[in-house]
1. Can you give the local net charge around F278? Use residues other than it whose beta-carbon is closer than 12 angstrom to its beta-carbon, Lys and Arg +1, Asp and Glu -1.
2. With only Lys, Arg, Asp and Glu charged, each at its Cβ (+1 for the first two, -1 for the last two), find how big the charge dipole of the range 10-311 is about the Cα centre; round to the nearest 20 debye.
3. Based solely on its DSSP helices, what 222 nm [θ] is calculated for the chain when runs of n ≥ 4 H residues each add -39,500 (n - 2.57) and the sum is averaged over all residues, nearest 500 deg cm²/dmol?
4. Positive end of the dipole of the chain, charges at C-beta (+1 Lys, Arg; -1 Asp, Glu), about the Cα centre: which of G262, I291, Q69 has its Cα farthest in that direction?
5. Each label point is 7 Å from the Cα along the Cα-to-Cβ direction; what then is the distance between the points at A68 and M13, in nm?
6. Just to confirm a number: summing +1 for Lys and Arg and -1 for Asp and Glu over residues other than S166 whose beta-carbon lies under 12 angstrom from that of S166, what do you get?
7. Report the FRET efficiency, 1/(1 + (r/R0)^6), for F214 and W129, where r is their Cβ-Cβ distance and R0 is 45 Å, rounded to 0.05.
8. Sum up the charges of everything whose Cβ sits under 13 Å from the Cβ of D35, counting Lys and Arg as +1 and Asp and Glu as -1, but leave D35 out.
Amino acid sequence: MPNTRQALDGRAMGIMVLLCMLWGVQQSHLKAVVDEISPMLLIALRSGISAVLVALLMRYRQERMHLAQNWKPGLLVGLLFAVEFVFVAEGLRYTAAAHMIVLVYTAPIFVALGMHWLFPAERLSAVQWLGVLLAFVGIAVTFLGHGQATTASSQMLWGDFLGVLSGLAWGLTTLVVRGSSLANAPATETLQYQLVATFVLLLIIALVTGQAEFRSTPVVWASLAFQGVLVSFASFLIWFALLRRYMAAQLGIFSFLTPLFGVLFGVLLLNESLEPHFIAGASLVLLGLVIVSGYGWFAGWWQRRTQAQRQS
């Protein structure tokens with residue numbers, strides 16, 4: 001097995017586009033079936049289904065959980081991951097799916113800031129700080145553009161705020177994984193901590209808050225199969241497989257198609273309207289994300305290009 005990751009080829013690009021479409025549609029799907037099953041309960045049940053599938057896969061691969069050394073960071077990662085989806089599920093009750101998917105994807109900004117302070121070797125460059133600034137200006141534009149305070153605008157503002165908190169929780173999850181013993185653990189073990197914690201916490205919240213209504217309809221069962229098997233299980237396994245074979249930086253750049261697909265599906269499937277302030281703010285957020293996350297890849301590409309020109 002080669003020690004170096006290879007550049008993206010046509011097959012990998014096609015798979016990444018499909019994955020981004022799958023991840024992008026999940027927010028709209030959660031909101032589309034809200035009359036049949038609440039987002040809180042659906043996320044809880046899909047996590048439970050995925051946890052069972054991961055356990056079966058680990059048994060098949062003869063993998064085991066390293067609880068003695070990983071249970072503390074595993075518990076923390078699981079709780080942060082669960083809290084992220086509490087914010088997502090609750091936020092979707094108040095804001096548009098298009099808003100939620102963009103604000104959830106502020107996570108790389110929080111990761112970059114955390115890495116800057118925790119890992120001296122990965123400090124942000126001046127260009128990346130510009131990307132951080134653009135992203136936060138975009139968030140401000142998204143919030144400040146709601147205009148005159150009405151009940152509807154206040155509810156959407158609250159939902160948008162929960163979206164940012166979900167991005168923060170996702171970012172903290174990544175930082176804990178990177179800075180703990182889970183950095184060397186199998187991906188299936190880390191994923192299992194997250195799935196089990198999400199299932200338990202969100203199921204409890206759904207039961208306590210009266211969001212546990214379950215209509216046994218074909219739509220609900222199809223939704224559970226889609227979310228539990230495809231989104232939470234298969235897509236993550238494919239993603240991890242791609243990370244083992246291809247350059248992570250290039251895959252990361254492709255992943256920014258997800259919020260774009262999320263916005264598109266929100267408009268097409270839910271007839272959501274895109275306010276001018278949201279379009280402007282989301283554009284700044286996405287531009288900032290690309291600058292922060294793509295700087296390393298672009299700088300390396302430019303350096304290789306310059307060296308090739310000097311040698312020719």
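Throughout, read-outs are computed from the coordinates displayed, never taken from laboratory work. Model, not experiment: these values are computed from the prediction. Neighbour counts run over all protein chains shown; Cβ positions are idealised from the backbone, glycine included.
1. -3
2. 1140 debye
3. It comes out at -26000 deg cm²/dmol, rounded to the nearest 500.
4. The residue sitting farthest along the positive end of the dipole is Q69.
5. 4.8 nm
6. Here the charged neighbours net out to -3.
7. With a Förster radius of 45 Å, E is 0.40.
8. Combined, the nearby Lys, Arg, Asp and Glu give +1.
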